[in-house]
Amino acid sequence: MSQLIIDIGNTRVKYAVFDLDKIITILSTQNFDLEILTQIIEQYSPSSAIISDVRNNGDQMKETLNKSIRKVILLSEKTDVPIHNSYKTPETLGKDRLAAVVGAWDLFPNKNSLVIDAGTAITYDFIDSNGTYLGGNISPGLQTRYRALHDYTGKLPYLIAESTEDEIGKDTNTAIHNGVGLGLLFEVERYISFFSKKYCDLHIIITGGDAQYFETKLKNSIFVNFNITLIGLNRILRYNDK
């Protein structure tokens, strides 16, 4: 029996099929695609499914899945999870953030873990070695910073992220690339340094669309895992499907 995982993010919708803890397939679309979903169900006949939704389309999708799948969970603050969530406002916590720390706990049980999700926003979420999610922080993501410089100034161009050879900008474009890229890199390094000093044996996991941007630039030992949210969602589904 397989499990269907649907992660509706800010920019992409991911569909994954697991066989217990093993990923069988992953597909991605910009928006919800009923035809693709139907093909997945016909091919893999999942016995259960979970939906993580940040766009508020989950209820409609759940109704669709209920017609062909025995058990369907729409992830919410009321869903049982295999960790302790100490976030003061669980109803406002992004489902992707919760799933990511569950994924970290699944990969590194009984370890302190910092999950850095580098996407439209960049989030820093921490789960301790006792399995308690303590919370996290949110700041603008890489491309969001480029967009903000263009949108909130009169003349600065909108650029796509790229690295430069010189750490000091010699023209407007390189000044923006360095300011945005190095600024975010310094931010990430400082977060890692702060948590590493506070918590011993810290595992650092980077995920999200811009994860590769940091992979070769960070001096610390890190794990890049683009599927940690899917892994966490699968873990939550199996936890509720005992």
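Within region 207-228, the residues that satisfy the criterion of being assigned to a strand (DSSP E or B) and farther than 16 Å from G9 by Cβ are F223, V224. Which residues, counting only those in region 116-134, are assigned to a strand (DSSP E or B) and either open to solvent by 10 Å² or more (accessible area, probe 1.4 Å) or in contact with a Pro (Cβ under 8 Å, 6 or more places away or on another chain) (or both)? D117, A121, I122, T123, T132, L134 - these are the residues of region 116-134 that are assigned to a strand (DSSP E or B) and either open to solvent by 10 Å² or more (accessible area, probe 1.4 Å) or in contact with a Pro (Cβ under 8 Å, 6 or more places away or on another chain) (or both).
Of note, T172 satisfies the criterion of being open to solvent by 30 Å² or more (accessible area, probe 1.4 Å), touching a Leu at 6+ places or on another chain (Cβ under 8 Å) and hydroxyl-bearing (S, T, Y).
Counting the residues of region 172-204 that are farther than 12 Å from L114 by Cα and either in contact with a Pro (Cβ under 8 Å, 6 or more places away or on another chain) or of a type in the set (V, I, T) (or both) gives 5. Need pairs with beta-carbon distance below 9 Å; first residue more than 15 Å from M61 (Cα to Cα) and within region 19-40, second of a type in the set (A, V, I, L, M) and in a loop (DSSP other than H, G, I, E, B); sequence gap 6+ or separate chains. Within 9 Å, the pairs are D19/M1; L20/M1. Do the conditions hold for K217, that is, is it basic (K, R) and either touching a Leu at 6+ places or on another chain (Cβ under 7 Å) or open to solvent by less than 40 Å² (accessible area, probe 1.4 Å) (or both)? Criteria met by K217. Within region 169-197, the set of residues being in contact with a helix residue (DSSP H, G or I) (Cβ under 7 Å, 6 or more places away or on another chain) and without any contact (Cβ under 8 Å) to a residue 12 or more places away in the chain comprises just one member, G169.
Looking across region 59-94 at every residue that is part of a helix (DSSP H, G or I) and among the hydroxyl-bearing types (S, T, Y), the one that is most open to solvent (accessible area, probe 1.4 Å) is identified as T92. What number of residues within region 220-242 satisfy the criterion of being open to solvent by 60 Å² or more (accessible area, probe 1.4 Å) and either at pLDDT 90 or above or more than 24 Å from S129 (Cβ to Cβ) (or both)? Total satisfying the criteria: 6. For A100, the conditions (1) more than 16 Å from the chain's Cα centre (by Cα); (2) within 16 Å of D53 (Cα to Cα) all hold with the exception of (1).
Looking only at region 198-213, decide whether some residue is surrounded by 16 or more Cβ atoms within 10 Å (Cβ to Cβ), farther than 30 Å from I69 by Cα and without any contact (Cβ under 8 Å) to a residue 24 or more places away in the chain. Checking region 198-213: not a single residue is surrounded by 16 or more Cβ atoms within 10 Å (Cβ to Cβ), farther than 30 Å from I69 by Cα and without any contact (Cβ under 8 Å) to a residue 24 or more places away in the chain.
Looking for something surrounded by 15 or more Cβ atoms within 10 Å (Cβ to Cβ), modelled with pLDDT of 95 or more and under 16 Å from the mean Cα position of the chain (by Cα) - is there at least one such residue anywhere in region 39-50? Looking for residues that are surrounded by 15 or more Cβ atoms within 10 Å (Cβ to Cβ), modelled with pLDDT of 95 or more and under 16 Å from the mean Cα position of the chain (by Cα), one finds at least one in region 39-50, hence yes. Among the residues making up region 175-197, those that are aromatic (F, W, Y) and open to solvent by 70 Å² or more (accessible area, probe 1.4 Å) are F186, F194.
Among the residues of region 95-115, how many are part of a loop (DSSP other than H, G, I, E, B) and in contact with a helix residue (DSSP H, G or I) (Cβ under 9 Å, 6 or more places away or on another chain)? Qualifying residue count, region 95-115: 1.
Filtering region 1-38 to residues that are more than 17 Å from D96 (Cα to Cα) and buried (at least 17 other Cβ atoms within 10 Å of the Cβ) leaves S2, Q3, V17, F18, L37.
The values are calculated or read from the model by the stated rules, or taken from the named source; none is laboratory data. Quantities reported herein were computed from a predicted structural model and do not represent experimental measurements. So basically every Cβ, Gly included, is an ideal-geometry build from the backbone, and we count neighbours across all protein chains shown. To get the accessible areas, we keep the full protein, side chains included, count just its heavy atoms, and leave off ligands, DNA and RNA. Shrake-Rupley method; radii C 1.70, N 1.55, O 1.52, S 1.80 Å.
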